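Enquirer: Pasting a structure below so you can have a look.
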Amino acid sequence: MIVVFSLLFLGLLFSWVRTCRANEEIRIMTKAAGAIADRDLIPRVRLSPESAFYFLAQSINLAAESIGNHIETIAAERHQLKAVFDSMQEGVIVLDAKGRIQYVNQALSFPLSNASQITGRKPLEAMMSLDLQQACDQILASGNGRESHTRNLQISLEEDRWYDVSIVRLQERERNRGTVVVFHDISELKRVERIRQDFVANVSHELRTPLTSIKGYAETLLSEVPAGSETMTSFLQVILKNSNHMVKMVEDLLQLACISRFPMRIKDNDNEKNQDGFKAFEPPLR
């Protein structure tokens, strides 16, 4: 009987030791799994090859190593993408699926004095441009058609700073991933265009006075041509005709300069009528 009880006691003791050891190994693996969940990939599970959980521990270690490699790859790609964005001359803003700013590159930090404080805000809060906000909202709310994934518009963020804006929707497997907004600085083009418009308007104003004088002198001379002076009459009529043509051209140039500075919508059914304005630039018939 003593031998039986001794063997039973040893068996229970051995089972208790194995159970404690298994519980300790489970605790170690649970702690390692929790560390992986908390993005701490450094701890590794070290178990004896004789352990029943050895292969499970190895799988946990391989999973942690694979996740670490993926995170390093993603971080490297993110740094590369950030370097590309920051080296661009064009301004770039990245919006999330809710239309809130996630990233602003360095090129856009100059016109936006509070660039470091606009993360998580709407474009309207950062740039005070209603047209830009509406365009971004339309892109984010658009369907799956390709034609609705892009939008272009021109805005002015501050005085004499104009941008041609391209908005592209990020799409992945029918899911909206956000929007990329690219700002092309066209301030210099706008300045040159304004100089051209001012030049045309100024030249037209300067030409109007001498042309009016020539026209008036020609009409005065025609009214006082002596009888029998057909040649003089012919010359004066040519001068008057060409001066009238030049006056009409100057007036049309002034109108075009005004339309360019203050553009307005033109209906399609009025195109034929609008073609008459270009006839003034045709050479006069002699």
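The values are calculated or read from the model by the stated rules, or taken from the named source; none is laboratory data. Please read these numbers as outputs of a predicted model, since none were measured by experiment. Every residue, glycine among them, receives a Cβ derived from its backbone with ideal geometry; neighbour counts consider all protein chains shown.
Enquirer: Scan segment 163-180 and tell me whether some residue there is surrounded by 12 or more Cβ atoms within 10 Å (Cβ to Cβ), in contact (Cβ under 8 Å) with a residue 40 or more places away in the chain and in a helix (DSSP H, G or I).
Expert: First pass over segment 163-180, keeping only residues surrounded by 12 or more Cβ atoms within 10 Å (Cβ to Cβ): 163-171, 176-180.
From the residues that got through so far, the ones that are in contact (Cβ under 8 Å) with a residue 40 or more places away in the chain too are 163, 176-180.
When the remaining residues are screened for being in a helix (DSSP H, G or I), the result is none.
No: segment 163-180 contains no residue that is surrounded by 12 or more Cβ atoms within 10 Å (Cβ to Cβ), in contact (Cβ under 8 Å) with a residue 40 or more places away in the chain and in a helix (DSSP H, G or I).
Enquirer: Could you give every pair whose Cβ atoms fall below 6 Å, whose first residue belongs to segment 226-243 and is without any contact (Cβ under 8 Å) to a residue 12 or more places away in the chain, and whose second residue is aliphatic (A, V, I, L, M), counting only separations of at least 6 or pairs across chains?
Expert: Met232/Val225; Thr233/Val225
Enquirer: Could you tell me whether segment 187-202 includes any residue that is over 30 Å from Met128 (Cα atoms) and under 28 Å from the mean Cα position of the chain (by Cα)?
Expert: Within segment 187-202, the subset over 30 Å from Met128 (Cα atoms) is 199-202.
In the following step, the residues that additionally are under 28 Å from the mean Cα position of the chain (by Cα) were identified as none.
Scanning segment 187-202 turns up no residue that is over 30 Å from Met128 (Cα atoms) and under 28 Å from the mean Cα position of the chain (by Cα).
Enquirer: Further question: Which condition from (1) at pLDDT 85 or above; (2) farther than 15 Å from Thr179 by Cβ is the one that Asn114 breaks?
Expert: (1)
Enquirer: To continue, here is another question. I'd like the full set of residues that are hydroxyl-bearing (Ser, Thr, Tyr) and at pLDDT below 70, limited to segment 239-276.
Expert: Across segment 239-276, the qualifying residue is only Ser260.
Enquirer: Moving on to the next point. Do we find that Leu62 is modelled with pLDDT of 75 or more, hydrophobic (A, V, I, L, M, F, W, C) and either surrounded by 14 or more Cβ atoms within 10 Å (Cβ to Cβ) or not assigned by TED's automatic domain parsing to the domain that holds Met127 (or both) in this structure? Before the answer, list the steps.
Expert: Values: modelled with pLDDT of 75 or more: yes; hydrophobic (A, V, I, L, M, F, W, C): yes; either surrounded by 14 or more Cβ atoms within 10 Å (Cβ to Cβ) or not assigned by TED's automatic domain parsing to the domain that holds Met127 (or both): yes.
In short, yes.
Enquirer: Among the residues in segment 82-102, are any modelled with pLDDT under 85, part of a helix (DSSP H, G or I) and under 30 Å from Ala37 (Cβ atoms)?
Expert: Yes, some residue in segment 82-102 is modelled with pLDDT under 85, part of a helix (DSSP H, G or I) and under 30 Å from Ala37 (Cβ atoms).
Enquirer: List, please: which pairs have Cβ atoms under 8 Å, are six or more places apart or on different chains, and start with a residue in segment 31-46 that is modelled with pLDDT of 75 or more and end with one that is assigned to a loop (DSSP other than H, G, I, E, B)?
Expert: Partner pairs satisfying both residue conditions: Lys31/Pro43; Ala32/Pro43; Ala32/Arg44; Ala32/Val45; Ala35/Leu41; Ala35/Ile42; Ala35/Pro43.
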